[in-house]
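These notes concern the structure reproduced below.
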Amino acid sequence: MAKDVKPTRKNLMAIEDRIELSERGHDTLEKKRDGLIMEFMDILDQAQDVRANLEADYETAQTTIDKARAMEGDVAVRGAAAALKEHPEITTESKNIMGVVVPQIESTRVKKSLDQRGYGVLGTSARIDEAAEAYEDLLESIILAAEVETAMKKMLEEIETTKRRVNALEFKLLPDLKENQEYIEQKLEEQEREEIFRMKKIKEKKEEAEEEEERAEAERQTEPLQADD
């Protein structure tokens, strides 16, 4: 890369400016990367809790529905499920975490009272009510898990992108710029030494010419005296 750069003062100043800017950018990206990793670890801790709750809610829902089917029969369970008129509503918004836009999922009409579930209270049993409540809890856990998992994915993608940019600056751009800086500085030093050497030679030649002229002048001044003798 250094071979493509002309060794001039102007290019040296431009490269020094780019190095300073790149180093500032590198420091900023490192801080961003570290901040993202800290945020990711917090979300990861939350995700572990959410997953554990999701698994527990799933086991509870399966257990209660199996009991309801065993005691009330599939027809009664399916009839209670078909009676549901108000379905859950899900809306998504966005929130910003260190420049990363992650979804924020809001849900309504998930948890319902007995009269909101649509089936007749007298025509069902407590086992069906328990199963319905367990599946409402499971749905809320699924929604929360979807929000957290999506946030984790987006944060991880941003961390990887930031790490690549940090590495590109640290291991590619900055070394190339510093190599160019060193190359230009060496060339300018060589040019300066050559210029000093050239000026020294010019000075020596000038001094030799002056000395020669002084000798010639001295000889011219002594010639009349020798002629008189």
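The values are calculated or read from the model by the stated rules, or taken from the named source; none is laboratory data. Just so you know, these numbers come straight off a predicted model, no measurement behind them. As a convention, Cβ positions derive from the backbone with ideal geometry for all residues, glycine included, and neighbour counts pool all protein chains shown. What goes into the accessible areas is simple: the full protein's heavy atoms, side chains included, and nothing from ligands, DNA or RNA. Shrake-Rupley method; radii C 1.70, N 1.55, O 1.52, S 1.80 Å.
Which numbered condition in (1) open to solvent by less than 80 Å² (accessible area, probe 1.4 Å); (2) without any contact (Cβ under 8 Å) to a residue 40 or more places away in the chain; (3) not polar (S, T, N, Q) is the only one that I43 fails?
(2)
Looking at (1) in contact (Cβ under 8 Å) with a residue 60 or more places away in the chain; (2) more than 30 Å from S22 (Cβ to Cβ), which is the only condition P103 fails?
(1)
Just the residues that are open to solvent by 80 Å² or more (accessible area, probe 1.4 Å) and in contact with a Ser or Thr (Cβ under 7 Å, 6 or more places away or on another chain), please, taken from the range 46-70.
Within the range 46-70, just N53 meets the criteria.
In the range 76-98, is there at least one residue being part of a helix (DSSP H, G or I), touching a residue at least 60 places away in the same chain (Cβ under 8 Å) and open to solvent by 70 Å² or more (accessible area, probe 1.4 Å)? Lay out the reasoning, then the answer.
The first filter runs over the range 76-98 and keeps only residues part of a helix (DSSP H, G or I), leaving 76-82.
Retained after the next criterion (residues that are touching a residue at least 60 places away in the same chain (Cβ under 8 Å)): none.
So far as the range 76-98 goes, no, none of its residues is part of a helix (DSSP H, G or I), touching a residue at least 60 places away in the same chain (Cβ under 8 Å) and open to solvent by 70 Å² or more (accessible area, probe 1.4 Å).
Is it the case that some residue within the range 3-12 is out of contact with any strand residue (DSSP E or B) (no Cβ under 7 Å at 6 or more places or on another chain), of a type in the set (A, V, I, L, M, F, W, C) and at pLDDT 95 or above?
The initial filter retains those residues of the range 3-12 that are out of contact with any strand residue (DSSP E or B) (no Cβ under 7 Å at 6 or more places or on another chain), namely 3-12.
Then keep just the ones that are of a type in the set (A, V, I, L, M, F, W, C); that gives 5, 12.
Going one step further and asking which of them are at pLDDT 95 or above, we end up with none.
No: zero hits.
Yes or no: the range 100-120 includes at least one residue that is within 19 Å of Y58 (Cβ to Cβ), of a type in the set (A, V, I, L, M, F, W, C) and assigned to a strand (DSSP E or B).
yes
Can you pull out the residues in the range 79-95 that are modelled with pLDDT of 85 or more and among the basic types (K, R)?
Answer for the range 79-95, where residues must be modelled with pLDDT of 85 or more and among the basic types (K, R): just K95.
Which residue out of L21, L36 is in a helix (DSSP H, G or I) and surrounded by 15 or more Cβ atoms within 10 Å (Cβ to Cβ)? Can you show your working first?
Values: L21 fails: surrounded by 15 or more Cβ atoms within 10 Å (Cβ to Cβ).
Result: L36 is the single residue among L21, L36 that is in a helix (DSSP H, G or I) and surrounded by 15 or more Cβ atoms within 10 Å (Cβ to Cβ).
Would you mind finding the one in E185, E210, E149, E192 that is more than 30 Å from R33 (Cα to Cα) and in contact (Cβ under 8 Å) with a residue 24 or more places away in the chain?
On the way: E210 fails: in contact (Cβ under 8 Å) with a residue 24 or more places away in the chain; E149 fails: more than 30 Å from R33 (Cα to Cα); E192 fails: in contact (Cβ under 8 Å) with a residue 24 or more places away in the chain.
The conditions single out E185.
Does any residue in the range 12-40 that is of a type in the set (S, T, N, Q) come within less than 8 Å, Cβ to Cβ, of a residue that is assigned to a helix (DSSP H, G or I) and crowded, with 18+ Cβ neighbours inside 10 Å six or more places away or on a different chain, and which pairs are these?
Pairs that qualify, where the first residue is of a type in the set (S, T, N, Q) and the partner is assigned to a helix (DSSP H, G or I) and crowded, with 18+ Cβ neighbours inside 10 Å, are S22/L169; S22/L177.
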